[in-house]
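Engineer: Mind having a look at this structure? Questions to follow.
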Amino acid sequence: MSATVPSPPMRLRRPALLLVTLAGIAALAVAGYWGATYFNLNPAREVGTVVDEFNGVKVYYNGGVNNAEGRALSSDGYNLGIQYQCVEFVKRYYFERFGHRMPDAYGHARDFYDAATPQGMPNTKRALLQYRNGQAEKPRVDDLIVFAPTLLNRYGHVAIVAAVGEREIEIVQQNPGPFGESRARLSLEARDGNWQVEGGTLGWLRRAQTPS
């Protein structure tokens, strides 16, 4: 007569069950993130639709923030970036409005701010003067403003300063998400002669003034 093999104690099976549960939760989280950032969840708008315009430069709708519609190039081949992304808008804005070409025509939004560049000195990759948030230089209209990466957006964000007041600035942006708006207002604080912009702002970039 064969001996009956006892079942393993329940306490030895619980860690495996916990791992399976955690793996399932992680898979659902990844799937949710993918769906929310790569697909157009807003049925009221179609990807590629013009949603705004600033100084004659159009702002397009991109749906999910990670959606990619192919690379945009100028007629002579200058790289403007991935269509309808935030980077594409600011580069196209500077190109169409000022004829400005960046020496480094590539990079994510976070790459537009160079932490090693001193205050008010040229950011050589962008051929623009760079100013740090929280120092003496106040943002100006047409500045290219750069925001730090976040937990859900590791690429950072860039926009154009559309208006500057005493206590807030307005930015115009492309690709704020399916339900985001092309315009946003951020508080501007004066602290001991320095200017602090909220919203994870790293700093802003500006064309050098042409001598008259």
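The values are calculated or read from the model by the stated rules, or taken from the named source; none is laboratory data. Quick caveat, the model's predicted, so the values are computed rather than measured. For neighbour counting, all protein chains shown are included, and Cβ atoms are generated from backbone atoms with ideal geometry for every residue, glycine included. These accessible areas exclude ligands, DNA and RNA; they are computed on the full protein's heavy atoms, side chains included. Shrake-Rupley method; radii C 1.70, N 1.55, O 1.52, S 1.80 Å.
Engineer: Among the listed residues GLU168, GLU137, identify the single one that is modelled with pLDDT of 95 or more and touching a Lys or Arg at 6+ places or on another chain (Cβ under 6 Å). Quick ask: steps written out before the conclusion?
Structural biologist: Numbers: GLU137 fails: touching a Lys or Arg at 6+ places or on another chain (Cβ under 6 Å).
Among GLU168, GLU137, only GLU168 is modelled with pLDDT of 95 or more and touching a Lys or Arg at 6+ places or on another chain (Cβ under 6 Å).
Engineer: Select from region 40-60 the residues that are in contact with an Asp or Glu (Cβ under 7 Å, 6 or more places away or on another chain) and assigned to a strand (DSSP E or B) and list them in ascending order.
Structural biologist: Passing the criteria: VAL57, VAL59.
Engineer: A further question on this structure: Can you name every residue in region 171-212 that is in contact with a Pro (Cβ under 9 Å, 6 or more places away or on another chain) and farther than 23 Å from TYR93 by Cα?
Structural biologist: Selection gives LEU188, TRP195.
Engineer: Please go through region 161-183 and give me each residue that is in contact with a Leu (Cβ under 6 Å, 6 or more places away or on another chain) and crowded, with 17+ Cβ neighbours inside 10 Å, ordered by number.
Structural biologist: ILE169, PRO178
Per-residue answers, yes or no, for (1) open to solvent by 50 Å² or more (accessible area, probe 1.4 Å); (2) over 21 Å from ARG71 (Cβ atoms):
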| position | (1), (2) |
| --- | --- |
| ARG101 | yes, no |
| ARG110 | yes, no |
| LEU128 | no, yes |
| ALA136 | yes, yes |
| ILE145 | no, yes |
| GLY156 | no, no |
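Engineer: In region 52-70, which residues are touching a helix residue (DSSP H, G or I) at 6+ places or on another chain (Cβ under 9 Å) and open to solvent by 10 Å² or more (accessible area, probe 1.4 Å)?
Structural biologist: PHE54, ASN55, GLY56, LYS58, TYR60, VAL65, ASN66, ASN67, ALA68
Engineer: Moving on. Restricting to region 34-92, name every residue that is of a type in the set (Asp, Glu) and without any contact (Cβ under 8 Å) to a residue 40 or more places away in the chain. Don't jump to the end; show me each part of the working.
Structural biologist: Just the residues of region 34-92 that are of a type in the set (Asp, Glu), to begin with: 46, 52-53, 69, 76, 88.
Listed by number, the residues that qualify are GLU46, GLU53, GLU69, ASP76.
Engineer: Another one. For residues that are open to solvent by less than 20 Å² (accessible area, probe 1.4 Å) and out of contact with any helix residue (DSSP H, G or I) (no Cβ under 7 Å at 6 or more places or on another chain), scanning just region 79-91, find the one that is nearest to THR124 (Cα to Cα).
Structural biologist: Checking each candidate, the answer is LYS91.
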